[in-house]
Amino acid sequence: MTYPLEAGPLDVLSGVNMNIADGETVAIVGPSGSGKTTLLILLAGLEQPAAGTIEFDGVNITALDADALADIRRDTLGIVFQSFHLVPSLTALGNVALPLEIAGRERAREHARQLLARVGLAERALHYPSQLSGGEQQRVAIARALVHTPKIVLADEPTGNLDLRTGATIIDLLFQLNAASGSTMIMVTHDDAIARRCQTVYRLNDGRLIKDESHALSA
């Protein structure tokens, strides 16, 4: 991925290559500014790479137009952002039901209530994001990402804005729900302890992605 700057082009990612199996849990680790979030944005189809391709189930998403990419995100992806990105004018229930309502799914609110209960927020369903703690907002964000049973979950530093205890609870919850759904999960993190819980670890540094073979041997 290259960004055009006044001082000249900035290469953020270069020669990145990886294959991820269905149901696999993958961690992408690296220092701040190494391009982890950029890689996740590319995988989500929110930006296009300057070169190369990204494929989901044999579909080259880099060749799709904006409408087709939106359909992929709606039907295939669940995204957990570091900063939650909840809709402030919607309740917790409304935020979780939103992906289902956009997709025209039946009983969207009923399914959303069920998932809110699974993340321990049944009694907070009608509260707005401003009335929830950071940990509660992240639980709503996780429920929203998983409510439509996506094939792929992308998580960008999901504990980055949380204290250690709340963060540990959120990570446990994310892994539990993902295992129950059988989704593929790709998580960006700077925390090696979290990364070790994934089946595969990639390290990103200076724009290059390297598989951590020592993790595979110890797993």
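The values are calculated or read from the model by the stated rules, or taken from the named source; none is laboratory data. These numbers were taken from a predicted model, which means no experiment stands behind them. Counting neighbours? That spans all protein chains shown, and the Cβs are built from the backbone with ideal geometry, glycine included. With ligands, DNA and RNA removed, areas are computed over all heavy atoms of the protein, side chains included. Shrake-Rupley method; radii C 1.70, N 1.55, O 1.52, S 1.80 Å.
For the range 23-32, state whether one or more residues are open to solvent by 50 Å² or more (accessible area, probe 1.4 Å) and in a loop (DSSP other than H, G, I, E, B). Even if it seems obvious, please write down each step before you answer.
Restricting attention to the range 23-32, the residues satisfying the condition of being open to solvent by 50 Å² or more (accessible area, probe 1.4 Å) are 31-32.
Of the ones still in play, those that are also in a loop (DSSP other than H, G, I, E, B) are 31-32.
Checked the range 23-32: at least one residue is open to solvent by 50 Å² or more (accessible area, probe 1.4 Å) and in a loop (DSSP other than H, G, I, E, B).
To keep it simple, each residue is scored yes or no on (1) among the β-branched types (Val, Ile, Thr); (2) out of contact with any Phe, Trp or Tyr (no Cβ under 8 Å at 6 or more places or on another chain).
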site	(1), (2)
PHE84	no, yes
LEU90	no, no
GLU101	no, yes
ARG118	no, yes
LEU132	no, yes
ARG144	no, yes
VAL147	yes, yes
THR159	yes, yes
> Taking the range 59-91 as the search range and keeping residues that are assigned to a strand (DSSP E or B) and either β-branched (Val, Ile, Thr) or touching a residue at least 40 places away in the same chain (Cβ under 8 Å) (or both), which one is surrounded by the fewest Cβ atoms within 10 Å (Cβ to Cβ)?
Replying inline: VAL59
> Cβ-Cβ below 6 Å, separation at least six or inter-chain, first residue in the range 125-145 and more than 16 Å from ILE170 (Cβ to Cβ) and modelled with pLDDT of 95 or more, second open to solvent by 30 Å² or more (accessible area, probe 1.4 Å) and of a type in the set (Gly, Ala, Ser): which pairs?
Replying inline: none
> Out of all the residues in the range 158-186, which are open to solvent by less than 20 Å² (accessible area, probe 1.4 Å) and out of contact with any helix residue (DSSP H, G or I) (no Cβ under 7 Å at 6 or more places or on another chain)?
Replying inline: GLY167, ASN178, SER183, THR184
> In the range 92-108, what residues are over 15 Å from THR149 (Cα atoms) and either assigned to a loop (DSSP other than H, G, I, E, B) or touching a helix residue (DSSP H, G or I) at 6+ places or on another chain (Cβ under 7 Å) (or both)?
Replying inline: ALA92, LEU93, ASN95
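Can you name every residue in the range 95-126 that is buried (at least 16 other Cβ atoms within 10 Å of the Cβ) and closer than 22 Å to GLY167 by Cβ? Break it down stepwise before answering.
At the first step, the residues of the range 95-126 found to be buried (at least 16 other Cβ atoms within 10 Å of the Cβ) are 95-100, 108, 111-113, 115-116, 118-119, 121, 124-125.
Result: ASN95, VAL96, LEU115, LEU116, ARG118, VAL119, LEU121, ARG124.
Can you tell me which residues in the range 187-219 are open to solvent by 50 Å² or more (accessible area, probe 1.4 Å), in a loop (DSSP other than H, G, I, E, B), in contact with a strand residue (DSSP E or B) (Cβ under 7 Å, 6 or more places away or on another chain) and over 22 Å from ASP22 (Cβ atoms)? Give the derivation first.
Taking the range 187-219 as the starting set, the residues that turn out to be open to solvent by 50 Å² or more (accessible area, probe 1.4 Å) are 190-193, 196-197, 199, 203, 205-206, 208, 210-211, 213-214, 216-219.
Right, trim to in a loop (DSSP other than H, G, I, E, B) and you get 190-191, 196-197, 199, 206, 219.
Then drop every residue that is not in contact with a strand residue (DSSP E or B) (Cβ under 7 Å, 6 or more places away or on another chain), which leaves 190, 199.
Across the range 187-219, the qualifying residue is only HIS190.
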